[in-house]
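Presented below is the structure to which this report refers.
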Amino acid sequence: MSDPIVILTEEPLGADDRVNIERLVGGSDTPLVLLVPGNTERHLLVDFLENLSMLDVAKAFRELTSHAPDRTAERAAAAETLAVSLAALGGLGGGVSGEVVDGGAVNGLVTKVKELGAAQAVVITRPHAVADTFHTDWANKAQDQLGLPVLHLYAGSGFIGDS
């Protein structure tokens, strides 16, 4: 059995994501370990600029004035994302397992990669213009901490982020 691949996602994975991971696994018996953060820990100013860059002014101001997220609701959404994603990747490689991680998305990824001795990590997110431009996205942060390449895929597409 090969070394596991650890995958961190903020979005429920679907058919396009399965195709990308299937290509990555290439028919091997590589186990896949899926991580979903229980809290995405977004930065208010970055989110505001992100929404403005996407020309979604109403959403930018709506989120700027919104209250702190409900921890229980965030955890439930993460559990749902995990369930949908596990179903989407079912049958690939040497099996798929997963968990909701607390304590920060990147820290969870780094910890799991080291714990399993994984030789490969993948981050699947939606595009984040500001974080991607300034290389402060999860993939870049994880790559800096791990010292190994981290593949950054954009959810629902075949596009690769710059990490």
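The values are calculated or read from the model by the stated rules, or taken from the named source; none is laboratory data. The model shown is predicted, which means the values in this text are computed figures rather than measured ones. Neighbour counts run over all protein chains shown; Cβ positions are idealised from the backbone, glycine included. These accessible areas exclude ligands, DNA and RNA; they are computed on the full protein's heavy atoms, side chains included. Shrake-Rupley method; radii C 1.70, N 1.55, O 1.52, S 1.80 Å.
When both residues are 6+ apart or on different chains and their Cβ atoms are under 9 Å apart, which pairs have a first residue that lies in segment 106-123 and is of a type outside the set (Ser, Thr, Tyr), and a second that is open to solvent by 40 Å² or more (accessible area, probe 1.4 Å) and in a strand (DSSP E or B)?
108/99; 112/99; 113/120; 120/151; 121/151; 122/151; 123/151
Identify the single condition in (1) at pLDDT 60 or above; (2) open to solvent by 60 Å² or more (accessible area, probe 1.4 Å) that residue 24 does not satisfy, given that it satisfies every other one.
So residue 24 meets the others, but not (2).
Just need a number here: residues in segment 136-155 that are buried (at least 17 other Cβ atoms within 10 Å of the Cβ) and either part of a loop (DSSP other than H, G, I, E, B) or of a type in the set (Gly, Ala, Ser) (or both).
4
Does residue 96 count as open to solvent by 20 Å² or more (accessible area, probe 1.4 Å), in contact with a helix residue (DSSP H, G or I) (Cβ under 9 Å, 6 or more places away or on another chain) and at pLDDT 80 or above?
yes
Kindly indicate the residue of segment 116-135 that is in a loop (DSSP other than H, G, I, E, B) and modelled with pLDDT under 90 and also farthest from residue 14 (Cα to Cα) among those meeting that condition.
So the residue we want is 134.
Which residues, taken from segment 99-115, are open to solvent by 50 Å² or more (accessible area, probe 1.4 Å) and either in contact with a Lys or Arg (Cβ under 6 Å, 6 or more places away or on another chain) or assigned to a strand (DSSP E or B) (or both)?
Within segment 99-115, 99 is the sole residue that qualifies.
Go through the residues of segment 63-81 one by one and say whether even a single one is open to solvent by less than 40 Å² (accessible area, probe 1.4 Å), polar (S, T, N, Q), under 18 Å from residue 155 (Cβ atoms) and at pLDDT 90 or above.
yes
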